[in-house]
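Report on one structure; see the data block that follows.
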């Protein structure tokens, strides 16, 4: 698993927003990975963030490898802020 994540980071496309770094690779299946630490809040807030990001990705993509590195200053992000960054990410992809 670690090898696949590192391959996506090394070979994939990198897009940086204010709270996230998105790495995108090509794949026939949809795979999503996260890199975040305790500075992003407690386990409940980290899992809530991951669940919401997974939802956004699954609604918009059916294939691809995604690795999302969450920057440490994201502990108090609201859903509206995440959606704004998601829209910035989508604009940069297309």
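Please treat every number below as a calculation from the coordinates, not as lab data. A quick note: this is a predicted structure, and the numbers were derived from the prediction, not measured.
Of note:
- Computed from Cα positions, the angle between helix 79-93 and the longest principal axis of the chain comes to roughly 20 degrees.
- Gain upon complete extension [residue 26, residue 52; 0.36 nm per residue less C-alpha separation]: 7.2 nm
- Helix 2-11 vs. the chain, principal-axis angle (Cα, 0 to 90°, nearest 10): 80
- Counting only the Cα atoms, the chain fills a convex hull of 95 Å³ per residue.
- Mean separation of Cα pairs under 8 Å and 6 or more residues apart, divided by the residue count, gives the chain a relative contact order of 38 percent.
- Degrees, to the nearest 10: 43-60 long Cα axis against longest axis of the chain: 40
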